[in-house]
Amino acid sequence: MKVYVAGKISDLDREKVCEKFKEAENFLLAKGHDVFIPIVLPVYKSMSHEDYMHICYAMIDICDAVYMLDNWHESVGAKLEYEYACSKNKEIIYE
């Protein structure tokens, strides 16, 4: 199964964010899933939050499920990803 990982990224230490997403990725890989994580996207000053969300929605489109990290409620983007995934009838998995 292809799984997208959603969680808080903005306003957090980049190293800690990467660590949290990589832990989730390793957990899901160990279960045999293909994993898509937004932290692989490069950071460009010219890209808005909406630009990044467009790319994240495209990743969700090709996935079967979305894995919600435990901090997703604290993130505007992760909440939008959750709503989008639900509207596309994706399976939701919680950390």
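With a Cα cut-off of under 15 Å and a minimum spacing of 8 residues unless on different chains, the lysine pairs in the chain number 10. Per the helix-only calculation at 222 nm, which mean residue ellipticity applies to the chain, given -39500 (n - 2.57) for every DSSP H run of n ≥ 4 and division by its residues, nearest 500 deg cm²/dmol? My calculation for the chain gives -14500 deg cm²/dmol from helical runs alone.
Computed from the C-beta positions of residue 86 and residue 26 and an R0 of 25 Å, the FRET efficiency is 0.45 to the nearest 0.05.
Here the relative contact order of the range 5-95, from alpha carbon pairs under 8 Å that lie six or more residues apart, stands at 38 percent. Which residue, chosen from 69, 84, 42, occupies the Cα position most advanced towards the positive end of the dipole of the chain, where the dipole is computed from +1 (Lys, Arg) and -1 (Asp, Glu) charges on Cβ about the Cα centre? Comparing the listed Cα positions along the dipole, 42 ranks first. Which FRET efficiency, nearest 0.05, do residue 94 and residue 16 yield, Cβ-Cβ r, R0 25 Å? The value I calculate is 0.80.
Since every read-out is calculated from the coordinates, none of them should be taken as a lab result. Because the structure is a prediction, the values reported are computed rather than measured. For neighbour counting, all protein chains shown are included, and Cβ atoms are generated from backbone atoms with ideal geometry for every residue, glycine included.
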